[in-house]
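Encoded as structure tokens, the structure appears first; notes follow it.
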Amino acid sequence: MKFPAGLKYTKEHEWIKVDGAQATIGITDFAQKELGDIVFIDIDTLGKEVHAGSVFGTIEAVKTVSDLYMPITGTILEMNDTLEAEPESVNGDPYGSGWLVICTVKDPSELEGLMSADEYKAMVGH
Amino acid sequence: MIDETKSKRVAWVQFFFISNGLSLFSPTILNKILMKNTPFTDIHIGLGAKMAPFAGYNMPISYKGINEEHHQVRNAVGVFDVSHMGEFILKGENALDLIQRVTSNDASKLIDGQAQYSCMPNDKGGIVDDLLVYKKSDTEYLLVVNASNIEKDWNWIQSHNTKSVPMTNISDDTALLAIQGPKATEALQSLTSVDLKSIPYYHFAESEFAGCPNIIISATGYTGAGGFELYIPNRHAVAVWNKIFASGAAQNIAPIGLAARDTLRLEMGFCLYGNDINDTTNPIEAGLGWITKFTKDFVGRSFAENIKTQGASKTLVGFKMVDKGIPRHDYEIVDGNGKNIGIVTSGTQSPTLGEAIGLGYVAAAHAKSDSEIFIKVRDKQLKAVVTKLPFIKA
């Protein structure tokens, strides 16, 4: 199971990668394995500001549905349109082609409250 | 029998996990304390299965992924450990009488070596459990019940056992494997002298299998893919498993988890107790009229008969999503004006169809095929259409 070092992680199993004033968000390798085959990503917050810890969308697997939580406060600028045709990318490449949204970074200090790769790895018991 | 304290704890734990069903965390610690194992638990863990508590048992949910396992069963052959299911033996000259009283189907029609799907209605219009009734002989029957209902069913049947029919609960001594799929016969034939293709659907043979005596080889299953279910004494269970996998290697036989069992049964429109039927749903409303026979008397008959004559106010229907979204248990069903007309009882993305499907109760006026209904998925109302069952041709 992969936990890339350059990312920050949430206890709800999202990852975030900051690149200047913007950040990319997805779910972790652990999360995709737990959910199983992902069939549909439902994000209806495009263009909206979503608070840290609030739901920005949901992810549907064959067996279950799970909410997606914002790691930080930001406006959703873009969602990964390729997932509509290929939701399985989230299973196959959760940190790459399976990314979910790009958002603004409203308050960089919020990032300090998130977990490092090692901390997250310890939390999920790997 | 399971002692009462333990079963209450298990029920609490089940509730805990169900009510936290959206959590991504696996309940490892409670699991180890309370869960029962099957004879195959170590094998599943060794194979890297994702394990989870189900009806008080530590069961494999999936091995390689639901979709892959689902297709494996539809297109080839797969093996399910369903040893958590309960088995009762009823013996003696009054066994049939008792079965006739507590079940809705007509067990007097069974011949030796035949099984039937049936239902145990309660005395309030609902369903105690759905089950299989196997006739071994005029004086010996096997009842196969849902794992979550073993204790409830036992007590229910006993409460109607006025003629003291000898009953034995062999659940804890019996392993059950379902070998399902179009290649099941091919995969298993070398393990028995019984001509497997000569066993008709819903019939069984009791014979030597994989070198073990007295195995029930039953041409049943809950997948619509064809195949067999094998009732195996625990002491032979692992040996039989290993021989099945050796024998089925040419067919690429694979282990299948309970998650794919659920998508397979849902594509067939088969009811799952606890989801689609429960203590408050009537067999007629649930579309189980075909196993409700008014040619005999049984507990709960009057409720079923009244609904049958007066017409059901709600009916269990299948539906397909038109708008994009996945229906889930307990989602509300509404009409075009947003008015409540029912509730979703099961839902998933069908791996075979690549479409979202579900079962749910709707008011009679909306139950006809092609009726347009709407499913409330979070804050949205998504269009769906009532569809004839099964969703796929078996």
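The values are calculated or read from the model by the stated rules, or taken from the named source; none is laboratory data. Because the structure is predicted, anything quoted here is derived from the model rather than measured. Methodologically, a virtual Cβ is constructed for each residue, glycine included, from the backbone with ideal geometry; neighbour enumeration extends over all protein chains shown.
For the reader, a short list of remarks on this structure follows.
- Applying the set (1) surrounded by 15 or more Cβ atoms within 10 Å (Cβ to Cβ); (2) away from chain A (no Cβ under 14 Å); (3) under 18 Å from residue B:267 (Cα atoms); (4) within 25 Å of the chain's Cα centre (by Cα) to residue B:367 leaves exactly one unmet item: (3).
- Taking every residue in segment A:101-123 that is farther than 15 Å from residue A:10 by Cβ and pairing it with any residue that is of a type in the set (Asp, Glu), at least 6 positions away or on another chain, the pairs with Cβ-Cβ distances below 7 Å are A:102/A:78.
- Complete set of residues in segment B:237-272 that are among the aromatic types (Phe, Trp, Tyr) and either buried (at least 21 other Cβ atoms within 10 Å of the Cβ) or within 14 Å of chain A (Cβ to nearest Cβ) (or both): B:241
- Residues of segment A:34-54 that are within 12 Å of chain B (Cβ to nearest Cβ) and surrounded by fewer than 16 Cβ atoms within 10 Å (Cβ to Cβ): A:44 alone.
- Residues satisfying the stated conditions in segment B:209-236, i.e. loosely packed, with under 15 Cβ neighbours inside 10 Å and part of a strand (DSSP E or B): B:213, B:214
- Only helices (runs of 4 or more DSSP H) whose full extent lies in segment B:1-67 are considered here, and the ones with at least 3 residues that are within 14 Å of chain A (Cβ to nearest Cβ) and either surrounded by fewer than 19 Cβ atoms within 10 Å (Cβ to Cβ) or at pLDDT 95 or above (or both) are B:4-19, B:28-34.
- Subset of segment B:173-215 [within 21 Å of residue B:233 (Cβ to Cβ), of a type in the set (Asp, Glu) and out of contact with any Pro (no Cβ under 8 Å at 6 or more places or on another chain)]: B:206, B:208
- Residues of segment B:217-262 satisfying the condition of being β-branched (Val, Ile, Thr) and under 21 Å from the mean Cα position of the chain (by Cα): B:217, B:220, B:223, B:232, B:256
- Taken together, B:284, B:341, B:307, B:333 contain a single residue that is surrounded by 18 or more Cβ atoms within 10 Å (Cβ to Cβ), touching a His at 6+ places or on another chain (Cβ under 6 Å) and of a type in the set (A, V, I, L, M, F, W, C), which is B:341.
- If only residues of segment A:65-84 that are within 14 Å of chain B (Cβ to nearest Cβ) and touching an Asp or Glu at 6+ places or on another chain (Cβ under 9 Å) are counted, the one that is farthest from residue B:331 (Cα to Cα) is A:69.
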